[in-house]
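Structure first, then comments.
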Amino acid sequence: MDIRDYNRRAWDAQVARGNRWTVPVASDVIERARRGDWSIVLTPTKPVPHAWFPELRGARTLCLASGGGQQGPILAAAGARVTVFDNSPAQLAQDRLVAERERLELTTVEGDMRDLSAFDARTFELVVHPCSNAFVPDVLPVWREVARVLRPGGVLLAGFVNPVYYVFDEQAAERGEVRVRHPLPYTDESRLGADELAALRSANEPFVFSHSLEELLGGQLEAGLALTHLFEDAKADALSKFLPLYLATRAVRGG
């Protein structure tokens, strides 16, 4: 199966279904951002501290695998020069919807987060990458490409899933139960039964992949990014009662 093609179609379907990460922000959110009152999330609930951002006014910003009409339009309203890059045409359409509605300058580009050849080296001062690399089987190319397109001193803000999440049975967690089920590394294709995979496909659910902390954190370091800050986050489910399921990092590209 072509994972990129499948997940493109799956996220297009999520837009039609109204997944929370596909719902464009309202006009009042954009108006507040224009006045300097703004926030974005990389993980389910915790806003990214303003101190993590460079000066936004005029900053060339790449919202990487970040379509949906949320982070990109907010940052554009706050003064950044934003390009939203995503694999899903329907997700990108949500960003264009907000940009047209609010008269924002914002560019959208369709593509695979592991291949940023559409951009020259050292193009961006800021890359914003929410919890989306779980939808590609290999994360190391993402970090290498980010390091290439960032200018020296440029900032990467990234969110990702704690790999321990994938040890547990997700369906059991949705019922309020905690049950260890899967060895790591996890992929839907290799760890779920035939009936479960068929159900995922019929529901147009994106396929996911776990990545180790060595890949998620060490991979940024190997790509030439220096980690400066980290926080943990959780969401309202059975597993979050026991451990944080999400991480966000701030990293800076060296000279």
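The values are calculated or read from the model by the stated rules, or taken from the named source; none is laboratory data. All values derive from a computational prediction rather than experimental measurement. Note that we place each Cβ from the backbone using ideal geometry, even for glycine, and neighbour counts take in every protein chain shown.
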- Query: Does GLY68 count as farther than 21 Å from ASP28 by Cβ and either surrounded by 21 or more Cβ atoms within 10 Å (Cβ to Cβ) or of a type outside the set (Lys, Arg) (or both)?
  - Reply: no
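Can you say whether ALA147 is part of a helix (DSSP H, G or I), among the aliphatic types (A, V, I, L, M) and in contact (Cβ under 8 Å) with a residue 12 or more places away in the chain, as far as the supplied structure shows?
In short, yes.
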- Message: I'd like to know if the range 209-230 contains one or more residues that are surrounded by fewer than 15 Cβ atoms within 10 Å (Cβ to Cβ), over 26 Å from VAL142 (Cα atoms) and among the acidic types (Asp, Glu).
- Response: no
- Taking HIS211 and the conditions (1) modelled with pLDDT under 95; (2) assigned to a loop (DSSP other than H, G, I, E, B), which numbered condition does it fall short on, given that it satisfies the others? (1)
- Mind listing just one residue for me: the one in the range 165-203 that is loosely packed, with under 13 Cβ neighbours inside 10 Å and more than 28 Å from ASP2 (Cβ to Cβ) and, of those, modelled with the lowest pLDDT? GLU174
- Select from the range 231-255 the residues that are among the charged types (D, E, K, R), surrounded by 14 or more Cβ atoms within 10 Å (Cβ to Cβ) and more than 29 Å from THR123 (Cα to Cα) and list them in ascending order. ASP233, ASP237
- Message: Among the residues of the range 226-247, what is the count of those that are under 18 Å from the mean Cα position of the chain (by Cα) and in a strand (DSSP E or B)?
- Response: 8
- Task: Starting from residues that are assigned to a helix (DSSP H, G or I) and surrounded by fewer than 20 Cβ atoms within 10 Å (Cβ to Cβ), keep the ones in the range 22-41 and report whichever is nearest to the chain's Cα centre (by Cα).
- Result: VAL29
- Top-ranked residue in the range 98-121 [being surrounded by fewer than 21 Cβ atoms within 10 Å (Cβ to Cβ) and in contact with a Leu (Cβ under 7 Å, 6 or more places away or on another chain); ranked as farthest from ASP86 (Cα to Cα)]: THR108
